[in-house]
Structure formats: C-alpha cells, structure tokens
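**Student:** What follows is a single structure, and I will ask about it in a moment.
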Ligand SMILES: [Zn+2]
C-alpha cells in the first residue's frame, strides 16, 4: 500500500513537471489583450520556423479601428500542431509577435496550441535611467535593453546631465567631458559629503565617465533594432552645476563686481547660454534620432536670477513678470530651436510654471495633477508620478533593503496605477514611464535590484488593457520572470522574501486615548495633515512611507494635549516617530510629557532624550518614544522638540498612545 502511494505521488510529480513545461500565453508579461488555448502542443523549437503573413484580411479588419501606433505594433499568433503563424502589418508588429514567442520558448520545451491577438494600450512605455549621479556604461545599458525589449517596452530615457556629472561626449564644448564628467568621490554620496568637487580626468583620484559618440551610436542602434527609442535628456536651466564648473562664464553674476555666482542654474540673461545649448542640443540631435528631446526643466532654484543684472535686464526687456516667466522664456526659446530641427521638446512638469511652450510635451512626476492639467491644455503627457513610478523609492521594508531615497513603492503599488484615471482626453496621454534616479544607487547590482521586477509592472500597465490586469496573476508571472532573469545574471529583488507594509499600519491599536480630543498648541503641517485633528488618536498607525496618510507632519516642534475626558490612572505614554534625513524629516531630540487635571496647569513628569546621529540614520527609520509614568490626570501634554541641526525640518508621528 505504501509502495503504491509513493509511485502514485512520483507519477503526479512527473505529470506536474510535464505540464509546467508546456507554456501558454498566460505566462507572458505583458499580458496579451486576448488569447485562447486549444488542444495540443508543439515543441518550442518550432518558433524559429514561424511563418509571417502580413496581409491576412481578417487580421487587417480587426486592427482597423485601433490607433495608428497600436495598429503598427499589433500582432496575431496561431500555434497549431501544423506550425506557427504570425500576423502583423509592420516590422514592429512582427517583432512584438516574435518577442511573445521567444518569451514562451524561454519558459519550457513545448508550447500550448493557442491563438493570440495583441496590441499596446499606450504608445510610450518606458523607463528612465539616471546615469549622471552614478555613471553606468554602454555595456550595462545594452544588458538592460534586452530585458526592456522582452517586456515590449519601446522607450529608454537617459538622464545624461546633472550636477553630479555630464555623461555624453560633446565636441564643441570639450570641457564638459574632460572636467564635468569627473569628480572626487566615487559614489554620489561620497562626492556630496565631500563638498561636491569636480575633477579633471587626469587628476589623481578622479572618478567618473561618459558615453562617447561611438557608445551612443551603438546604444541607439541596438535599441532601434529592438524597436526601442532612446530619449536623451540634457537638464537645463537647473541641476547644471557641472556645466558651470566647466564653463563658469554661463553662470549668473553678482550685482557689484560681475563675478560668477555659484548656483545650479545657468544664467538666462546671457546670450552665450543659448549659444551653448544650441550647440550641445545640435550634437545631441545628430546622435539621437528620437522625436522627443528631454530638456529637464525641474527644480531650478531661481534664486540667482532674481539678483543677476543680466537676468534682470532680460526680464525687463522681454516684459517678464518674474523668475517663473524667465524660465518659461528659456524653455520656449529652446523649444523653438528643437522644433526648427524637427524635434519636440519634452520636460518635467515644472516647465508648466510661467506658461507652457507651444507644442511641448510634459512628463508628470510631481503626482498626476500636473499631467492632468497639461492634458486639459491640450499638451501631450507621459505619466511618471512619484506616487507610483519612482523606482528609486524603497520596494520593501526599509530595514531589509539597501539604502534608498525614501518613500515606499512596492510592486503591488506600482501595479495598482492606472495612468488613464482622471484624464480628460486620453488622446493626449502618451503613456507611462518608471524613473530610476540614482543618488543612492551606486552599483550595477543595486541598479538592477531596484529596476526588477518593478519595471515588469510598468511594462504591463503600458501595454495591457486595464480590464485584463490582475495583481495576483501578475505577481505569479513576475516571480517566474525574476527567477529566469536572475539565472541570466540580473540581480533582481527577491519577491519571495518580500516583507510587505509596516505591520503596525495593518491593525488598529487600542488604547486609553483612542477617540479622545487633541488640542494643538502648534498646528500640524498643512502639507501633511493626515486625517486632521483626529489623526493622533484614531488608532491608525503609519506605513513605511510618511505619505500614506496616517503619519501627521509638523514643520515645527510638536506640542499637543490629549484630553482623556476624565481623570484616570496613567502608566504609559508613547509615540512612534519617523525619520528620513534626505527628505528633511528627523527624529525629535527630546519628548517631554506633562499632565494636568484642568488643562491649564501642567506638571512635568518625564523627559525622554535621544542622541541623534544622522550619519548612522540613512534612509527611512522608525523609533518608538515610549515613557513609563505613574500619574492620575485628565490631560496629557506631549511635546517633541527638534534638534538644532541641518535638515531637521519636519517631525512625523502617527499616534499618541496612552495607557
Ligand atoms: Zn543671470
């Protein structure tokens, strides 16, 4: 009997192995629009002999109602015991079909007989690589293009210039590479901590690098043969400290001596600035065939423009009402230059400040509302909101991840995003992009760890119709793909070991002050109100990110009084605090507890002090400030005091627990 059992389970195991080796379209990322599985299977090797039909009348009729871009990329596949047929009307469609077949072939030795009909939801499906903060070379980029192509992505945006380094060869301004591409400090963190010093390439200890024109030619060609467009980004007018180090004459000047003023913004009053960008962008256009040229446009500090005599003269002469309009003047001029070359200006959503240049396209990163607004004004928009698409944020519990910039965007959060939500005119919504900023991503391994599997989700959101998407099904496929690319030498995040959201945020904490009124001696931050005056006694605790609406922020010390309703014995007062120094959020250096019977006359009962060592508190951190007391009182006052240190701007807490 026992023997029979063993052989039966062995048979079942063998059967299961055989079944899993038969791959169907339900394994593919991004999930095809529709498919049906029929009887039978064929060996995977048959993929090589797939026959292409480009004029199948029924297929042509079926794709006729689609948008141009979708028609171009649409394909059909029929797998029957007699062979494999691809239907498509363009090289791109044939390529996407072959990608699906190769994907299935990579998973097993035989393919289930099936029919597939597929096309993309959006025309732009991409990722952005920041190779300025920490340089990544040509070979690394080519390696990632292989995965992006297998996900049917069609856009790779390279952030080529920023304060931390210039990363592309420009012949007309050679110092950009011989000087602004090198620095003291191998990683962005070392460079930043050391005072942001640039180096000449030949200096001892210089670190950096850039893509040569030949590197770019190879990247563009490799990507194009996989139907991926490479969008170059040359950041202006802010984030340009490296340009000003190499060419100080492009900086604003002071009011008295006309000496260059240090800032990350180039001078807009100086004609030489425009000559510089015309030349640089001219060479960029020669290197990159992309219709869109990204000019950055984000986070200019604008301070130097207010004082610089040249910028002031420009504002006066052009009738510009302030520095926002001055920035807009520059963006419009650059936009005209690009359009004279047959290209379209693309920029971060700050390019809307002071008026958006005609024909410009916008990448919406500060949430989704700027993108929605640009679409209402009939501009084309790519959605890459930092609430869903920022791949430099933590993807799991911060204590189990390498340091990240902050936030918390796990795979299911990325996947839950629908770019079309809230959009008034879908025809202006070009698509979706995941952004991988690299301040804290210093190695190739960490770069891939942050990118995969979250890039899989970006790809599926961009391609698959909203109604066929399901997270549990996607997660199953993402896990399988992660394992396969890990075997091919990619360092992916291990989804199987995902810890998930902060446990405290999943349960309501029951305590004596729950539901009690809170009086604010200092108001909470209007920017981070959580749910308002009930937030600190509602029993709800925060998640890993302070933006999850349970953490309440204070841009000051915190000073609140909890009214227990009547005099009660109290033996404990505690609160969690959150810190992320890169986001100007810090732990308090002390928490003072005092109690009162009447709400006006308080007696101090405990002061908890904490040494805060910012160097040892990198990334996101959580600390419980819990205090044992033995009092009888109705009112509990909690005062949390910030340290007098740089970046100790905000305090965040989620609940005042009293027992
Ligand atoms: Zn100026």
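**Student:** Quick one: which of 503-516, 100-113, 350-363 comes out on top by average Cβ neighbours within 10 Å, and what's the full order, highest first?
**Tutor:** Output ranking for 503-516, 100-113, 350-363: 350-363, 100-113, 503-516.
**Student:** For a test of the definition: using alpha carbon positions, the gyration tensor, and the 1.5 limit on a/c, classify segment 186-337 as rounded, prolate or oblate.
**Tutor:** Oblate.
**Student:** So for segment 524-659, what percent of the C-alpha to C-alpha distances run longer than 21 Å?
**Tutor:** Summing the P(r) of segment 524-659 above 21 Å gives 39 percent of all pairs.
**Student:** On to the next question. Looking only at Cα atoms, what is the convex hull volume of the chain per residue, in Å³?
**Tutor:** 210
**Student:** Here's a follow-up. Determine the shape class of segment 265-380: with a ≥ b ≥ c the square roots of the Cα gyration tensor eigenvalues, call it rounded for a/c under 1.5, and otherwise prolate if a/b is greater than b/c, oblate otherwise.
**Tutor:** Oblate.
**Student:** Where both partners of a DSSP beta bridge lie in the chain, what percent of those bridges are antiparallel, to the nearest 5?
**Tutor:** Antiparallel bridges make up about 65 percent of those DSSP assigns within the chain.
**Student:** Quick one: Debye curve from the alpha-carbon atoms of segment 530-605 only, equal weights, vacuum; give me log10 I(q)/I(0) at q = 0.20 Å⁻¹ to two decimals.
**Tutor:** Rounded to two decimals, the profile gives -1.06.
**Student:** Then there is this: Given N residues in segment 117-171, what is Rg(Cα) / (2.2 N^0.38 Å)?
**Tutor:** In units of the globular-protein estimate, segment 117-171 measures up at 1.36.
**Student:** Sticking with this one: Let me have the relative contact order for segment 124-497, percent, based on Cα pairs under 8 Å that are six or more residues apart.
**Tutor:** That works out to 16 percent.
**Student:** Would you calculate a helix-derived [θ] at 222 nm for the chain, using -39,500 (n - 2.57) for each DSSP H run of n ≥ 4 and dividing by the full residue count, to the nearest 500?
**Tutor:** -8500 deg cm²/dmol
**Student:** Something else about it: Hey, can you rank 160-169, 635-644 by average C-beta count inside 10 Å, highest first?
**Tutor:** 160-169, 635-644
**Student:** Using bins 5 angstrom wide from zero, how does P(r) for segment 130-236 break down, in % of all Cα pairs?
**Tutor:** All Cα pairs, binned at 5 Å, distribute as 2, 13, 22, 22, 17, 12, 8, 4, 1 percent.
**Student:** Under the definition of Cα pairs under 8 Å and six or more residues apart, what whole-number percent is the relative contact order of segment 233-308?
**Tutor:** 46
**Student:** Also, I was wondering about something else. Could you sort the peptides 394-406, 471-483 by per-residue average Cβ neighbour count (10 Å cutoff), highest mean leading?
**Tutor:** Ranking the peptides 394-406, 471-483 by packing returns 394-406, 471-483.
**Student:** Between rounded, prolate and oblate, where does segment 41-147 land on the alpha carbon gyration tensor, with a ≥ b ≥ c its root eigenvalues, rounded for a/c under 1.5, else prolate if a/b exceeds b/c?
**Tutor:** Oblate shape, in that a/c is at least 1.5 and b/c is the bigger or equal ratio.
**Student:** Give the percent of DSSP beta bridges with both residues in segment 124-497 that are antiparallel, rounded to the nearest 5.
**Tutor:** Taking every DSSP beta bridge with both residues in segment 124-497, the antiparallel ones total about 20 percent.
**Student:** Tell me the relative contact order for the chain as a rounded percent, counting alpha carbon contacts under 8 Å between residues six or more apart.
**Tutor:** Taking the mean separation of contacting Cα pairs over the length of the chain, I get 10 percent.
**Student:** Can you run the Rg to Rh ratio on segment 124-497? Use alpha carbon positions and the Kirkwood inverse-distance Rh.
**Tutor:** Value, to two decimals: 0.96.
Just so you know, all these numbers are worked out from the coordinates, no wet-lab data involved. From a predicted model like this one, the values you see are computed outputs, not experimental measurements. In this analysis, Cβ positions are derived from the backbone assuming ideal geometry, glycine residues included, and neighbour counts consider all displayed protein chains.
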